[in-house]
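The values are calculated or read from the model by the stated rules, or taken from the named source; none is laboratory data. On a predicted model such as this, the values are computed, not experimentally measured, just so you know. Here Cβ is always computed from backbone atoms with ideal geometry, including for glycine, and neighbour counts include all displayed protein chains. We work out accessible area using only protein heavy atoms, side chains counted, and drop any ligands, DNA or RNA first. Shrake-Rupley method; radii C 1.70, N 1.55, O 1.52, S 1.80 Å.
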Amino acid sequence: MEILRVKDLSFTYPQEKCAALKDVCFSIAEGEFCVLCGPSGCGKTTLLRLLKKELAPKGSLRGEIFYCGRSLDELSEREAAEEIGYVSQDPEQQIVTDRVWHELAFGLENLGLSRESIRRRVGEVAGFFGIERWFRQETSTLSGGQKQLLNLASVMVMRPRILLLDEPTSQLDPIAAADFLAMLARLHRELGLTILFVEHRLEECLSLCDTIGVMSEGKLVCMDAPAKVGAKMADGALPLLPEAIRRLRLSFPSAARLYWSLAKNSSASCPLSVREGRQFLKNICPNPKVRTLPSGEEIKGSPALTLKNVWFRYEKTSPDILCGADFLLQEGEVYCLLGGNGSGKTTLLHVAAGLRRAYRGDVRIFGKKQAAYRSNSLYQGVLSYLPQDVRTIFAKDSVREDFEEYFNVCSLSKKEWETRTNDLWKKLEIPDILDRHPYDLSGGEQQKCALTKLLAANPRILLLDEPTKGLDAYAKQALGGVLQKHCKDGASVLIVTHDLEFAAQFANRCGLFFDGGILAQAAPQEFFGENRFYTTSAKRISEGLFLGTVTCEQVEALCRVNKEEVV
Amino acid sequence: MKALAGYHPAVLFFYFAAVLLTAMFVRHPVLLAESFVGAILLFAALESRKQFFSQLLFSVLLALAVTLTNPLFSHNGVTPLFFINGNPVTLEAVFYGAAIGCMTASVLLWCRCFQILFTGDKLMYLIGRPLPRVSLVFSLTLRFVPLFLQKRREISQAQKAMGLFGSGSISERAHSLFRTCSALFDWSLSYAMETAAAMKARGYGLAHRTNFHLYVWRRSDSIFLIFSGMTALFVAISFARGELRYAYYPAAQRFWEQPPLLAGAAFLLLVFLPSFLEIKESLKWKYYVSKI
Amino acid sequence: MQKKIKRRLLRTVFCFFAALFAVLGTLFFDGKYYAFVSLILALLGCAAFFFRLEKRQAFVGELVLLAVMTSMTVLGRVLFAALPGFKPVTAIVILTALSFGPEIGFLTGAMGALVSNFYFGQGPWTPFQMFTWGLIGFFAGILRAYLKRYRPALLLYGAIAGMAYSLVMDVWTVLWWDGGFFVSRYLAALLAAAPYTILYAVSNVVFLFLLAAPLGKKLDRIYRKYFSLSEE
């Protein structure tokens, strides 16, 4: 049975010329798990919000949406709230009350259920989601993953028939994201729940879903079973420009990307998981002669930032977060610091940036003691820090004012500043947003805009905390390119991230933070090449076949080399 | 586990309302003394030793200060002790000062105990039925305040790392604080609007909203309520019959000649009930622990 | 429209007389329980506004905004805890009232007092603080047409509000102390609190001067973005 049908839906935001959605047409059957993907700004979030009556954006709308055969407008407020569940990106913003149990009960209170039935439902759901242990806690004490799980639970407690999710894992670390996806898979499998899932990172969720819809520039270009979509993306079956196809492909799993670039005219079906990818690779490259790539050149710069035997704790009686940490950032390198959630990576950044003081140890910046930088001289052209919540960077009512204010404290000429910002804007593809309020921008735009602001001042050391959060695959490529270019000019970048693919592709060195210090560090080929579990999917696919290939590009290159040998 | 904190919010509220009203508005010295001692005992049972002693010292100093300053304003009374600038300092004025000081200190202590036991979520539950919207705003506020404080710290760190947070002169610092708060205001407004959307998405605003809570009414709640209700009733009856009227001026009444037996005894039971329960509970707990 | 204004006027008059009654009652009528009567009046005054919020139509966004503004008053008290008397609380209440009207103004003041006392200590003063801050917001909301147009009037209102706060709270101090109202004691209390009274007035003027333009702009932006098309 069809639960949702969208017919010729077009939508334009007020004061915008270009339509955000153009003639979108699809339907979802009951019990289906459907993933909608596409680069950011393609209209997928707009589409999703239009399906949830209470969140529908304002603007001019054409076409129709049917829920269970009825027009969405005909639904009573109660039905709309109860039967269509919605979980959005930010785990924090959706929490209403200050206690976990109250948060779970909130939706049911709104529906006017009796105390007894609320009790039963809340208890049941808390059990299913494994929330019992933090049932009475304050919501502010939860981790990001717990918060998002709570959001899902407090929507599920209302027993919706269809669940709409808007990039729910984009703000989570990989482990919490995997937990969340596992919970979704369980809901789908055990309850037969219909799920419509918007995501731009398909690596993990593709194996769970029944259908994928691919969106590009406001249009739904295709919607089919994953394998079929994979086949369609290969040749020119889609009415899209090659550039648009290239962008769409970036968000697909490594296995599929290898297939598209290597299997020209192959009859094999498109692999999607690591297992299928391995099979595919073995078929096209059964006995490789050349198994390693020449390792990239090592960067030997003079030290930019050094931490020696640094100890830090937040309060006198709290445990040590940094225990004798040693760290070296060289000039001209991109360093990616990886590690578990809450392990203290961000604290290390804070200590390095001088925002927190280590109680013991030595922090030097270009050989000079950190404390020797008087007042703000450290932050003027020497060191910049991008926090996780990039909105904290903005303090003015428009992007233009904000940039001007920052320009005034930077020691750059007006001309230099302008060429730098314009250059960055072009590279990161930021539209014309100068006169808009920073908080009116989309999440991705905020991220890029904040980065531009910091990079334009040309800092010699740049510290970034999770800069790829919420960015789509294409924007990540652009970001990586910009950072590498910045380092070529002699600056150094330290990135704290959970994004292994990004680190493998763009870092000169990677480090693993564990137990209060840096456990291991090496160039990405060696770093991820040694790992079996904590590594990229390209490495997993090529495991046993090649040595030290950690990105799709490297696997491709080796395959090509071997083919030429055969020929 | 504090024994009293486990009681039903309605019971706790009734108890503290009864005690506070009596402690504030009955000015009979016997009841004032009882209230003072009861408050100290309960506070001792609830607070850590260090907190207790610092607060006790403060209370005693406060009471002393009031005792000593009252005669400077009030020259009523018939028993002059000595003269300052030709104005008499009377025994009655000192006595009244002591009574008021005692009352003020004890009310402050009761309020502290009330605050320890009657946390925000209990208030939220209590006003949830008659005032659901106010209760919701209250709940949101309790969630927002720590969140905004945390965000303010993050914003000032981010601004500091851009060299935009002056920490030199006072005017620089004030300007930085102003900037931070302005940014925080933007942040919280946009945050709150998203929260509002999430609330609507989960059906807030539908008719016939109900109220959920985790409190259970136990037998001990009934007993506590009946006991405190009865004793409060006796105090009220005594008050209505005028037995608690007491004149400090012109000459202080001799309260021991006509003691308010009924009210005195009832109020004594009322104020000592919670400390008794606390002590009983901690002894019981020690016993149970010894069996583990 | 006419009806709405009339009702609003009636409410104002009621509040005014309630306050007047509290003061006059303690001055002229014989009896001993002025403190009690004034406490009940303060509570009733707050309750009237709380129940009014429940009865009327209210949007989710409005409630959340109320919570944000309340949190801001609390934050104002926390962030300026080091400077006694010098706080942006009253200024925030007044500016909220300018943007959202007398009712939200009262509620912000009252809730702000209640919640911030969870951090700074509840006491018998809580109801009075709630009522006084609430009234400051309420009257600012009533007069908002003028206060918005004339900046000096706004600053003057801030100064008066600061002094009025001190005057009213001192009335209560005296009632508490003596169980009756004595002019000599009241004057002494006023004198003792004079530095604070001046500080309140000055801080209100300073914060209103600093915050009026930026805060108003931000609130207007939010109003345009979230409320103008849909709800109101």
**Item:** Residue that is over 30 Å from residue B:3 (Cβ atoms), within 14 Å of another protein chain (Cβ to nearest Cβ), buried (at least 20 other Cβ atoms within 10 Å of the Cβ) and over 33 Å from the mean Cα position of the chain (by Cα), where the choices are B:202, B:173
**Value:** B:202
**Prompt:** Going by the conditions given, is residue A:442 surrounded by fewer than 17 Cβ atoms within 10 Å (Cβ to Cβ), within 13 Å of chain B (Cβ to nearest Cβ) and under 24 Å from the mean Cα position of the chain (by Cα)?
**Reply:** yes
**Message:** Suppose we filter A:530, A:556 for residues that are modelled with pLDDT under 90, touching a helix residue (DSSP H, G or I) at 6+ places or on another chain (Cβ under 7 Å), open to solvent by 30 Å² or more (accessible area, probe 1.4 Å) and charged (D, E, K, R); which single one remains?
**Reply:** A:556
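If you take the residues in segment B:66-89 that are open to solvent by less than 50 Å² (accessible area, probe 1.4 Å) and small (Gly, Ala, Ser), which one is nearest to the other protein chains (Cβ to nearest Cβ)? Outline the logic, then answer.
Let us first name the residues in segment B:66-89 that are open to solvent by less than 50 Å² (accessible area, probe 1.4 Å), namely B:66-67, B:70-71, B:74, B:77, B:88-89.
Cutting the leftovers down to small (Gly, Ala, Ser) gives us B:74, B:77.
On the way: B:74: 8, B:77: 14 Å.
Filtering first and then ranking leaves B:74.
Rundown of residues vs (1) outside any helix (DSSP H, G or I); (2) of a type in the set (Ser, Thr, Tyr); (3) crowded, with 22+ Cβ neighbours inside 10 Å, yes/no style:
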position	(1), (2), (3)
C:90	no, yes, yes
C:97	no, no, yes
C:116	no, yes, yes
C:132	no, yes, yes
C:135	no, no, yes
C:138	no, no, yes
C:146	no, yes, no
C:154	no, no, yes
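From A:104, A:113, A:61, grab the single residue that is hydrophobic (A, V, I, L, M, F, W, C), open to solvent by 20 Å² or more (accessible area, probe 1.4 Å) and in contact (Cβ under 8 Å) with a residue 40 or more places away in the chain. Even if it seems obvious, please write down each step before you answer.
Numbers: A:104 fails: open to solvent by 20 Å² or more (accessible area, probe 1.4 Å); A:113 fails: in contact (Cβ under 8 Å) with a residue 40 or more places away in the chain.
Exactly one of A:104, A:113, A:61 is hydrophobic (A, V, I, L, M, F, W, C), open to solvent by 20 Å² or more (accessible area, probe 1.4 Å) and in contact (Cβ under 8 Å) with a residue 40 or more places away in the chain, namely A:61.
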**Request:** Starting from residues that are assigned to a loop (DSSP other than H, G, I, E, B) and open to solvent by less than 60 Å² (accessible area, probe 1.4 Å), keep the ones in segment A:307-328 and report whichever is farthest from residue A:350 (Cα to Cα).
**Result:** A:318
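Filter segment A:462-496 down to the residues that are of a type in the set (Val, Ile, Thr) and free of Cβ contacts under 8 Å to residues at least 60 places away in the same chain, then identify the one that is surrounded by the fewest Cβ atoms within 10 Å (Cβ to Cβ). Walk me through it before giving the result.
Here is the first cut: in segment A:462-496, the ones of a type in the set (Val, Ile, Thr) are A:468, A:482, A:493, A:495-496.
With the extra rule that they be free of Cβ contacts under 8 Å to residues at least 60 places away in the same chain, the set shrinks to A:468, A:482.
Details: A:468: 22, A:482: 20.
By that ranking, first place goes to A:482.
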**Request:** Give just the number: which of (1) modelled with pLDDT of 90 or more; (2) within 27 Å of residue A:338 (Cβ to Cβ); (3) surrounded by 23 or more Cβ atoms within 10 Å (Cβ to Cβ); (4) not charged (D, E, K, R) does residue A:185 not satisfy?
**Result:** (3)
**Complete:** Conditions (1) modelled with pLDDT under 90; (2) open to solvent by 10 Å² or more (accessible area, probe 1.4 Å) -> residue A:506 fails only (1)
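Quick check on residue B:210: is it in a loop (DSSP other than H, G, I, E, B), within 10 Å of another protein chain (Cβ to nearest Cβ) and among the β-branched types (Val, Ile, Thr)? First the steps, then the outcome.
On the way: in a loop (DSSP other than H, G, I, E, B): yes; within 10 Å of another protein chain (Cβ to nearest Cβ): yes; among the β-branched types (Val, Ile, Thr): yes.
The answer is yes for residue B:210.
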**Asked** When the residues of segment B:102-115 are filtered to those that are surrounded by 24 or more Cβ atoms within 10 Å (Cβ to Cβ) and facing another protein chain (nearest Cβ under 10 Å), which remaining residue is nearest to the chain's Cα centre (by Cα)?
**Response** B:110
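Look through segment B:206-230, keep the residues that are free of Cβ contacts under 8 Å to residues at least 60 places away in the same chain and open to solvent by less than 60 Å² (accessible area, probe 1.4 Å), and return whichever of them is nearest to residue C:66 (Cα to Cα).
Applying the first criterion (free of Cβ contacts under 8 Å to residues at least 60 places away in the same chain) to segment B:206-230 yields B:206-208, B:210, B:212, B:214, B:219, B:222-223, B:226-227, B:230.
The next check asks that each one be open to solvent by less than 60 Å² (accessible area, probe 1.4 Å); those that pass are B:206, B:210, B:212, B:214, B:222.
Numbers: B:206: 20, B:210: 22, B:212: 23, B:214: 27, B:222: 37 Å.
Filtering first and then ranking leaves B:206.
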**Message:** Can you name every one of the helices (runs of 4 or more DSSP H) wholly within segment A:18-117 that holds 1 or more residues which are within 12 Å of chain B (Cβ to nearest Cβ) and in contact with a Ser or Thr (Cβ under 7 Å, 6 or more places away or on another chain)?
**Reply:** A:100-111
**Message:** For the condition farther than 20 Å from residue B:205 by Cβ, at pLDDT 90 or above, in contact with a strand residue (DSSP E or B) (Cβ under 9 Å, 6 or more places away or on another chain) and open to solvent by 10 Å² or more (accessible area, probe 1.4 Å), what is the one hit in A:121, A:161, A:99?
**Reply:** A:161
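Within segment B:270-292, does at least one residue satisfy the condition of being assigned to a helix (DSSP H, G or I), in contact with a His (Cβ under 9 Å, 6 or more places away or on another chain) and within 24 Å of residue B:16 (Cβ to Cβ)?
First, pick out the residues of segment B:270-292 that are assigned to a helix (DSSP H, G or I): B:270-291.
Filter once more, keeping what is in contact with a His (Cβ under 9 Å, 6 or more places away or on another chain): none.
No, segment B:270-292 contains no residue that is assigned to a helix (DSSP H, G or I), in contact with a His (Cβ under 9 Å, 6 or more places away or on another chain) and within 24 Å of residue B:16 (Cβ to Cβ).
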**Item:** Any hit, segment B:238-259, residues being under 22 Å from the mean Cα position of the chain (by Cα), open to solvent by less than 20 Å² (accessible area, probe 1.4 Å) and at negative phi
**Value:** no
